[in-house]
Amino acid sequence: MKRWAGWLLSGVVAGLFLLPLAWMLHASFRPEPMIFQTGPAVWLEWEALTVNHYMAAWRRARFGQALLNSLLQIIGIIGFGLFINSMAAFAFARFSFPGRDLLFALVLVLLILPIEVLVIPLFLTARDLQLTGGYAATLGALILPFSAKAINVFFLRQHFLSLPTELEEAARVDGAGWWRIYWNIALPSIKPALATVIVLDVLTHWSDFIWPLVVCTRAETRTVQISLANLFTEPPIQWGAILACAVMATVPVLLIFRFAQRHIVTSDLSAGIK
């Protein structure tokens, strides 16, 4: 009985969270005059549903180009970030050098700084490095400032610390250098943690708004969130196109989280056990 009650309560809570998404999905197919109509009959009028909003959103928001820009941004951040952050985390976990603890403490201080505090210094730096204006330069401005991330360094360092040192010591005896130990032993041992970092980076930077708003000054450089926001300001304001664009911006994140969920669970369980 208690188990059924728990399942029922979980289903109700899940339904409350999923209800806005279900409404957004269904409303994105309704004709414009019916979007904000309420009542059970609205959900049953399947004959009136249309895909015109999706075509309008794809055209007006230039969603294909925006999707490509966001994908390139995330791929660049993940590609550079995994390499930089994992090496920094491994160094903090395994190397002893003067000032290590102080330097790590300074890295952790970055966790409390919101993006709003860093926008102006980042923009001035990007401008001095000529990372504003052109398409390739704007992609560099979207990627480089967020490749090294304090939270990822901290998270991966904790997983490196949880690894036993005996295998690394045996590799050192056999003549393996630190690079081989890092690449062939340490990294494969924390694959669930790396998958977690990837998913968190995707969720974080897919919804980036402030920084892309500052540096994406041309229509061809806009990311998904900027293109969606422009539908609120560029007349005519069509809620169907806005909702359709919101659905297309939400689906990739849901799919990525769905297929990477088991890696996140594995990472959390291993961290808790160790």
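How about the stretch 1-44: which chymotrypsin sites (Phe, Trp or Tyr not before Pro) there are in a DSSP loop, with at most 15 other Cβ atoms within 10 Å of their Cβ?
For chymotrypsin sites (Phe, Trp or Tyr not before Pro) across the stretch 1-44 that sit outside H, G, I, E and B with at most 15 neighbouring Cβ atoms in 10 Å, the list reads F36.
Distance between Cα centroids, the stretch 197-255 to the stretch 58-84: provide it in whole Å.
11
Could you work out the relative contact order of the chain, using alpha carbon pairs under 8 angstrom and six or more residues apart, expressed as a whole percent?
For the chain, the relative contact order is 32 percent.
I need the peptides 192-200, 206-214, 129-137, 110-118 ranked by packing, meaning the mean over residues of other C-beta atoms within 10 angstrom, with the highest value on top.
Order by mean packing, descending: 192-200, 206-214, 129-137, 110-118.
Run the simple label-point estimate for L72 and V214 please: 7 Å along Cα→C-beta, distance reported in nm.
Output for this residue pair reads 2.1 nm.
Whole-Hz ³J(HN,Hα) for each residue in the stretch 161-175, computed from phi via Karplus 6.51 cos²θ - 1.76 cosθ + 1.60 with θ = phi - 60°, x for glycine and proline: what do you get?
Once rounded to whole Hz, the list reads 5, 7, 7, x, 8, 4, 5, 5, 5, 5, 5, 5, 5, 6, x.
Placing +1 at every Lys and Arg Cβ and -1 at every Asp and Glu Cβ, with all other atoms neutral, what dipole size does the chain have around its Cα centre, in debye to the nearest 20?
260
In the stretch 133-200, with Lys and Arg counted as +1 and Asp and Glu as -1 at Cβ, which of these residues, G140, I151, N184, has the Cα nearest the positive end of the dipole, that is, farthest along it?
In the stretch 133-200, that residue is G140.
What percent do you get for the relative contact order of the stretch 65-201 when only Cα pairs under 8 Å and 6+ apart count?
Across the stretch 65-201, relative contact order equals 40 percent.
Could you derive backbone 3J(HN,Hα) for the stretch 14-19 from the dihedral phi with the Karplus parameters 6.51, -1.76 and 1.60 (θ = phi - 60°), listing whole Hz in sequence and x where the residue is Gly or Pro?
4, x, 5, 6, 7, 4
Roughly what would the spin-label model give for N230 and V173, points 7 Å off Cα along C-beta, in nm?
Each label point lies 7 Å from its Cα, and together they span 6.3 nm.
What spacing in nm lies between the two simple spin-label points modelled at L124 and W43, each 7 Å away from Cα in the Cβ direction?
Label at L124, label at W43, 5.4 nm between them.
Karplus couplings for the stretch 113-121 from phi (6.51 cos²θ - 1.76 cosθ + 1.60, θ = phi - 60°), rounded to Hz, Gly and Pro as x?
Each residue of the stretch 113-121 in turn: 8, x, 5, 4, 6, 9, 4, 5, x Hz.
Please state the relative contact order of the stretch 16-133 as a whole percent: Cα pairs under 8 Å, 6+ residues apart?
13
So what is the calculated 222 nm ellipticity per residue for the chain, using -39500 (n - 2.57) for each DSSP H run with n of 4 or more, over all residues, to the nearest 500 deg cm²/dmol?
So the calculated ellipticity at 222 nm is -22500 deg cm²/dmol.
Order 173-179, 73-79 from most to least packed using the mean count of other Cβ atoms within 10 Å.
Ranking, from highest mean packing down: 73-79, 173-179.
Just so you know, all these numbers are worked out from the coordinates, no wet-lab data involved. Computed from a prediction, not measured in an experiment: that's the story for all the values here. A quick note on method: Cβ atoms are made from the backbone with ideal geometry, for glycine too, and the neighbour counts reach across all protein chains shown.
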